[in-house]
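The values are calculated or read from the model by the stated rules, or taken from the named source; none is laboratory data. Predicted, not measured: the structure shown is a model, and the values here were computed from it. As a convention, Cβ positions derive from the backbone with ideal geometry for all residues, glycine included, and neighbour counts pool all protein chains shown.
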Amino acid sequence: MKTIRSVLLHVDATPSSAARLEFVRAFALRHRAELSAMFVAGPSQVRAQKAPGERPGALHQPMEWAADRARSWLAGARVEEDTQIRWLESSSADTVQTFCQQALYADLLMLGQHDPSAGAAGGELAGFLKAVLVAIDKPALILPYAGKFETHSRNVVIGWNATPEAARAISAALPWPRSADRVHVLEAVDEPEQRHAGELDIVHYQRLYAIVPELHRHRVPVSDVGAALLSSSREVGADLLVMACYRHSRLRELMLGGASRSLLRTMTLPVLIAH
C-alpha cells in the first residue's frame, strides 16, 4: 500500500478554498504528510471575489490581492501545530504547467470542483481542473464546491471496468478502502464479459489486501457511466468515489472522457480520480 507523504493543494480566489484548506489540513495531519498549497486563479476570479467597497487600487496587482486573501485562509486553517503547510509562489503565466511541475513531487493532489454560481470564475476553475487531470499522472482527490466532508472515508464506491486505467486507479486508492468499513465495486460495462472458472478478478485482488468488497454488476452504456457511479454512491450512502480518468487525443485540446466530465460537473461527494 502506498504511503501518502506529500500533498499538493490547489488554492484559488473562491470561498470554497477555505473549506478545502480545512479539509486538507486535517487530512495531512491524519496521514502525517507534508502539505503544500499553491495559489492559482484567473483574472475573473480575482474581480469576482473583491469585497464591496474595496478600492481597485488597494494593491498594485489584483492577483497579489487574491493571493493575499488565500494566504489569510491558509493562516486560519493552520490550527494544529503538527501540521506544516508550505506556501508555493508562482510568477509564471502558464499556471497549469507550473502546478503540474510541482505535482511531480506530490503523492496526492487536492483539487476543487468548479462552482457554477461563480460565473466565469467557475469556468476557469473547471478548465484548470480538466487540464491538470490530463497533464499529470498523479492521483487527485477532488472536493465538491459545497458541503462538509470527513477525512476518514468509511463507505467507498470503486468504479471498475477491467481496463488498465481502472487498475491503476484502484492501486492508487488502496489506502482508502483498506481503512473503510464498507467497500462497493461497481462493474459497469456495455456488454457482460465471458468469465471462466479460476480466473483472477477484482474481488480476489481486493481480498489480497484484506478488503472484502460488495460487487455490483450493471450493464451501463459508456455515456451513462458517470451518472451510474453517482447514483450507486447515493444508494449505498458512500462518502468517497474512486474512478479512473481517461485521456483522449491531445492533438487539438486537452479533454477528459465524457463520463469523467459529466461526473465532475454533478458530483456531490469527494472523488478520487486517477489514470
Go through the range 154-174 and count every residue that is more than 19 Å from Leu263 (Cα to Cα) and in contact with a helix residue (DSSP H, G or I) (Cβ under 8 Å, 6 or more places away or on another chain). 1
Those residues of the range 1-30 which are part of a helix (DSSP H, G or I) and either in contact (Cβ under 8 Å) with a residue 60 or more places away in the chain or not assigned by TED's automatic domain parsing to the domain that holds Arg86 (or both), in sequence order: Ser16, Ser17, Ala19, Arg20, Phe23, Val24, Arg25, Ala26, Phe27, Arg30
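Taking into account only those residues within the range 210-228 that are of a type outside the set (Lys, Arg) and in a strand (DSSP E or B), which is modelled with the lowest pLDDT?
Per the stated criteria, the residue is His218.
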Residue, modelled with the lowest pLDDT, within the range 175-209, restricted to residues that are over 19 Å from Ser153 (Cβ atoms) and assigned to a strand (DSSP E or B): Val189
